[in-house]
Amino acid sequence: MKGLKSAFLFLLLLILFVPLRAQSPDFPLDHWVYSFLERLEAKGVLTEVFDGTRPIPRDELAAYLNALLSNPQKMARLNSVEKQEVKTLIVELREYLPRKGEGRGRLESPRLMALRRWRFLGKILPNHLYANGRNFFSYSEADFRAFLDPVLYRRGIWSHSDSASPWQANYRDSHGVTAWGLWGRRLSFFFDFRDSKIWGDKRYPKTDLYTLPGVGYANSLGSYVYFDETRAGFVFGGKHWQILVGKERNAWGPGFWGQLALSAHPTSYDEIKFQVRFSKFKFTSIAAVLRPYPEITAYSYFTGHFQRNVWAHKYLAAHRLEAFPFPRLRVGLHEVLIYGERNPELAYLNPINFYWSAEHNLGDQDNSTLGADVVWFPGWAFKVYGEIFLDDLRTGSLGTGWYGNKWALLGGVFRPDVLGIPNLDFRAEMAKIRPYVYTHRYPINVYEHFLTPLGHWAGPNSQTLNVSLTWRPSRWLVGGLAFQSWKHGANPADKNVGGDINLPHRAIDSQTVKFFEGDVENRQQTSVWIAYEWFRNFVTRLEIRRRVGKNVPLNTGSRGTVTSVDGFFSAGLNF
């Protein structure tokens with residue numbers, strides 16, 4: 001562990017002795033600000049935004065917002081809903097924007113003060129609650145500022161299918177706190193804790209070491225499961241750089257419904273993230289700790305009373321360069337590497353090393369990947385994007401069907417204000433993932449965190465198509481229509497066709513593969529939804545879905561067609 005200890009010692013020396021500038025925590029990956037930035041990019045109102053590397057720190061978002069506020073011509077191009085979103089962001093980012101003397105304060109939205117202005121609540125709320133018109137609780141003393149908000153969430157899903165006549169229900173409750181703050185010119189911090197319970201008609205195995213998609217360990221008690229999730233960390237840095245030490249999630253690439261390299265689907269993981277940002281490029285490097293599931297035993301011993309199993313370590317090393325070689329063209333290059341069953345490798349802790357080559361020099365024992373993405377803004381309020389992901393490649397075997405050429409492609413288009421209707425957005429996106437992508441011959445190196453893929457949720461031997469129309473008639477109301485198609489070649493009981501992320505190619509398997517061999521499953525979903533934000537970050541959502549699955553597994557052990565209709569309702573505060 002010498003390499004890791006040396007890295008922490010170096011970080012400590014930076015904090016204590018190097019003149020630093022206060023940095024800022026990130027905005028969560030599911031925050032609406034990312035969709036807002038994308039719209040303004042596509043319309044040409046904002047340029048050279050590095051939103052292919054998310055999450056984005058508050059100070060970087062404030063820089064984009066300030067560039068917009070400082071340009072009256074660009075502000076004049078915004079419609080009424082976009083101006084309301086700008087006003088909301090001014091409140092959210094006020095600590096990183098110029099003082100009110102430049103007229104910023106007049107744009108603050110009175111809607112955000114709704115709780116305190118309601119006659120009944122205004123009389124009973126203590127003075128320190130919602131005192132700043134934004135946070136439930138805020139504290140300031142000398143050079144220290146902290147902000148805290150409660151997290152509350154209730155979700156219900158009711159489903160009726162032709163394979164089960166009665167309606168089946170599934171519920172989720174979550175509660176917790178989310179906080180962030182600044183400490184002088186050296187540090188900022190963030191903390192987000194959520195405790196959740198899922199229960200309903202579905203039955204779960206009775207075990208302590210259980211996991212769900214997008215979740216870490218959960219306690220499963222048959223009729224329900226409960227689990228907790230945490231994001232927390234410290235951030236410090238200088239004018240053009242910052243370092244995050246904490247537990248966080250990441251999403252790399254232009255995809256909206258999924259990313260090929262690092263996606264938003266897994267739960268958070270412990271990491272050290274180093275970022276450098278200039279006007280034309282942004283560089284990010286991550287060293288993180290992952291968890292295999294099921295756990296892999298490195299060694300075990302008997303204590304005289306108990307059998308002690310020591311689990312193997314699993315790590316992630318990744319870096320990404322995002323740049324604008326031309327004003328309307330953004331290019332991203334990335335490497336992501338998974339390794340484990342040993343101490344951290346210094347070669348992988350080096351943020352500017354070429355991991356693909358380093359992995360070969362270390363004996364070709366790890367799972368190294370690389371990829372590239374491109375985003376083009378041709379004008380006419382239009383965005384075109386694409387991504388390629390290379391898990392493994394032998395150029396001499398291209399076109400032969402060799403199983404080891406493991407690659408994935410993603411592409412899409414985005415058009416705001418389609419048909420000339422303000423705030424009506426159209427998007428279409430397709431992903432194609434070849435068999436055996438994300439798999440590895442050593443279980444420790446599978447491209448997962450717990451049981452959730454780090455990359456695209458569809459997994460290997462799959463193809464997805466998503467199309468949506470979204471309309472936001474006001475800052476507070478949004479709704480839409482969406483269609484999703486997922487085609488997947490699943491492994492039959494007697495054959496490996498590369499459709500399972502946890503089953504790599506074996507010596508007994510064919511040397512060549514084709515897309516959608518095996519049991520071809522087709523799932524389609526059509527949905528209509530509407531959401532309303534009653535006051536800051538309190539959102540209710542209603543959705544109706546119709547799902548059709550062809551050749552999908554049935555409870556009887558066979559395969560068939562299932563049609564279901566789902567009703568979804570949620571209410572969340574700061575969730």
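All of the numbers you see were taken from the coordinates with simple rules; none came from a lab. Treat the numbers as computed from the prediction; the structure is a model and nothing was measured. Neighbour counts are summed over all protein chains in view; Cβ atoms, including those assigned to glycine, are modelled from backbone coordinates with ideal geometry.
Mind giving me the nanometre distance, one decimal, between the label points for residue 514 and residue 145, set 7 Å out from Cα along Cα→Cβ?
6.3
Need the C-alpha centroid separation for segment 437-485 versus segment 306-322, integer Å.
Result: 24 Å between the Cα centres.
With a Förster radius of 41 Å, plug the Cβ-Cβ distance of residue 542 and residue 131 into 1/(1 + (r/R0)^6) and report the FRET value to the nearest 0.05.
After rounding to 0.05, the efficiency reads 0.80.
Can you tell me the relative contact order of the chain? Whole percent, Cα pairs under 8 Å, sequence separation 6 or more.
Working: 1382 pairs, mean separation 68.7, N = 575.
Relative contact order for the chain comes out at 12 percent.
What nm value, rounded to one decimal, do you get for the distance between residue 467 and residue 297 when each label is placed 7 Å out toward the C-beta?
With each label point 7 Å from Cα toward Cβ, the separation is 5.3 nm.
Give me the extension gain from residue 394 to residue 83: residue separation times 0.36 nm, minus the current Cα-Cα distance, reported in nm with one decimal.
Details: separation 311, 0.36 × 311 = 111.96 nm, distance 5.09 nm.
Full extension from residue 394 to residue 83 adds 106.9 nm.
Taking a threshold of 22 Å on the Cα-Cα distance, which of the pairs 383/514; 514/550; 43/432; 43/273; 247/314; 280/432 fall above it? Working shown, then result.
Working: 383/514 32 Å; 514/550 20 Å; 43/432 28 Å; 43/273 31 Å; 247/314 15 Å; 280/432 31 Å.
Checking Cα-Cα distances, 383/514; 43/432; 43/273; 280/432 exceed 22 Å.
Please give the contour-minus-distance gain from residue 360 to residue 374: 0.36 nm per residue of separation, less the Cα-Cα distance, rounded to one decimal in nm.
Details: separation 14, 0.36 × 14 = 5.04 nm, distance 2.75 nm.
Going from the current span to full extension adds 2.3 nm.
Is the chain rounded, prolate or oblate when judged by the Cα gyration tensor, a ≥ b ≥ c being the square roots of its eigenvalues, rounded requiring a/c under 1.5 and prolate requiring a/b larger than b/c?
Numbers: a/c = 1.39, a/b = 1.24, b/c = 1.12.
Verdict is rounded for the chain.
Under the 0.36 nm per residue contour assumption, what length would be gained going from the current alpha-carbon distance of residue 428 and residue 402 to full extension? Intermediate values should be presented prior to the final figure.
Details: separation 26, 0.36 × 26 = 9.36 nm, distance 3.04 nm.
This chain segment gains 6.3 nm when fully extended.
Would you mind pulling out the separation of the Cα centroids of segment 544-575 and segment 156-226, in Å?
When both Cα centres are located, 18 Å separates them.
When the helices in the chain are scored as -39500 (n - 2.57) per DSSP H run of 4 or longer and the sum is shared across all residues, what 222 nm value do you end up with, to the nearest 500 deg cm²/dmol?
Details: 9 runs with 77 residues, N = 575.
That calculation yields -3500 deg cm²/dmol at 222 nm.
For an R0 of 51 angstrom, estimate the FRET efficiency from the Cβ-Cβ distance between residue 177 and residue 522 and round to the nearest 0.05. Before the final figure, lay out the partial values.
Details: r = 43 Å, r/R0 = 0.84.
Once rounded, the FRET efficiency stands at 0.75.
Please compute the net charge surrounding residue 174, taking Lys and Arg as +1 and Asp and Glu as -1 over other residues with Cβ under 12 Å from its Cβ. Each step should come with its number before you reach the end.
Values: positive: 154, 155, 172, 194, 197; negative: 173, 192, 195, 228, 229.
Charge balance in the 12 Å sphere: 0.
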